[in-house]
Amino acid sequence: MTREQLIGLSLYYKGEYFEIQKALKERKTVDLHEEVNAITILDSTYPEKLFDLKYPPYVLFYKGDISLLNKECVSVVGSRNPCDYALKATEGLCQKMDKVVVSGLAKGIDACAHLNSRDTIGILGCGIDYIYPYANLKLIKDIEKRGLIISEYPHLSEPLNYHFPFRNRIIAALSDCMYIMQCKDKSGTMTSVNEALSLGKEIRVLPYDIFDDNGVQNNLLIYEGATPIRKEEIAF
C-alpha cells in the first residue's frame, strides 16, 4: 500500500475509519486522481503520539502550518455554552500559554481557546472544507493562515454526530496535558477526558466555587485526582 493509495481510500470512503480498515484488510485500492494536502500514517512526519491510539488516523487532511503537529502541545476543552468565569479563565490561560493549543473548533470554550492562543491546532469532526459551526467561519479562516486545521474527513464530508467523540481521541493524543475549563457528566468534554486518561495524559481542571452549579463536574474531577489549574497560570 502506497501513501497515494491510502489517500485514495480515505477520499473514496470519506474518511470513515472502519470502512478504510476493512478495505485495507481486503486489499482494495483506489487510485488518487487529485492533489490534496494530507499526511498519512506511512509518512515519516506523521506525529508519533498518534501511534499510541488504538485507532490512529490513516490520513489527516490539513490547511495551514503542518509543522505544528510535531511541536509541544496542550489541549484546552470545555462546554459549548460556557459561563463567563470559564470564558475569562480560558482567555487568560491561552494568552499566557507558550505551547501549541489544541482544541475542537466548536463554539464556546474551543473557540475562545483558539482565538486567544499564539499557536493553535483546530481538529474538525467534519470535512476539511466544511465550515462547521458556521458561526466560526472567521475564526477558521484565521487559523488557516496563522495555525493549523486538520481532519481525517476529506472535502465536504458532513459533520455526523459520531464523528465528534471519535475526533476527540486525536485531541487527546496530540496533547501532553489536557485543560478542562467547564464540563458536565456525559458530555463531549468528558469523552475527551476519558481518552486523555486512557493515554496517561495529565488532566488539569479549572476549580469552581462550591455553590456554582456550572462547576460540579470540574470539582468532582479534582476530587478524583485531577490537578487544579492555579491562578498563576492565567493572565489577568
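Which of the lysines could be linked to residue 14 by a straight reach, that is with a Cα gap under 19 Å, when you skip same-chain ones fewer than 8 residues away? Hits, sequence-local ones excluded: 22, 25, 28, 63. Normalised by 2.2 N^0.38 Å, with N the number of residues, the alpha-carbon radius of gyration of the range 9-48 equals 1.23. Does the range 171-236 come out rounded, prolate or oblate by the C-alpha gyration tensor, with a ≥ b ≥ c the root eigenvalues, rounded set by a/c under 1.5 and, if not, prolate when a/b is larger than b/c and oblate if not? Since a/c reaches 1.5 but b/c is at least a/b, the shape of the range 171-236 is classed as oblate.
Annotation: aspartates and glutamates with alpha-carbon distance below 16 angstrom to residue 71 (same-chain offsets under eight excluded): 48, 98, 119, 176. Oblate is the label for the range 91-196, because a/c, from the alpha-carbon gyration tensor with a ≥ b ≥ c as root eigenvalues, is 1.5 or above and a/b does not exceed b/c. For residue 150, neighbours were defined as the other residues whose beta-carbon sits under 12 Å from its Cβ, and their charges (Lys and Arg +1, Asp and Glu -1) total -1.
For the range 36-97, the Kirkwood estimate of the hydrodynamic radius, built from every pair of different alpha carbons, is 14.3 Å.
Among the protein heavy atoms of the chain, carbon and sulfur supply 50% of the accessible surface, probe 1.4 Å, non-protein parts ignored.
As I understand it, the value is the acute angle between the Cα axis of helix 137-146 and the longest principal axis of the Cα atoms of the chain; what does it come to in degrees, rounded to 10? Result, in degrees: 80.
In the chain, helical runs assigned H by DSSP with n ≥ 4 each contribute -39500 (n - 2.57); averaged across all residues and rounded to the nearest 500, the mean residue ellipticity at 222 nm is -10000 deg cm²/dmol.
Rounded to the nearest 20, the Cβ-based charge dipole of the range 127-236 about its Cα centre (Lys and Arg +1, Asp and Glu -1) stands at 240 debye. Net charge of the neighbourhood of residue 236, taken over other residues with C-beta under 13 Å away and scored Lys/Arg +1, Asp/Glu -1, is +1. Distance from the Cα centroid of the range 2-17 to that of the range 105-119 is 29 Å (rounded to whole angstrom).
For the range 85-136, just say rounded, prolate or oblate: build the C-alpha gyration tensor, square-root its eigenvalues into a ≥ b ≥ c, call rounded for a/c under 1.5, and beyond that prolate if a/b exceeds b/c, oblate if not. It comes out oblate by the Cα gyration axes. When both bridge partners sit in the chain, DSSP labels roughly 30% of those beta bridges antiparallel.
Between residue 135 and residue 37, the contour length at 0.36 nm per residue exceeds the alpha carbon distance by 32.8 nm.
A crude spin-label estimate for the pair residue 21 and residue 224, with each label 7 Å from Cα along the Cβ direction, gives 2.5 nm.
Label separation (residue 155 vs residue 81): 3.6 nm, computed from points 7 Å beyond Cα along the C-beta direction. Along its three principal directions, the equivalent ellipsoid of the chain from the Cα gyration tensor extends over semi-axes of 32, 18, 15 Å, largest first.
The values are calculated or read from the model by the stated rules, or taken from the named source; none is laboratory data. A quick note: this is a predicted structure, and the numbers were derived from the prediction, not measured. All Cβ positions, even for glycine, are placed from backbone atoms using ideal geometry, and neighbour counts span all protein chains on display. All accessible areas refer to the heavy atoms of the entire protein, side chains included, with ligands and DNA or RNA removed. Shrake-Rupley method; radii C 1.70, N 1.55, O 1.52, S 1.80 Å.
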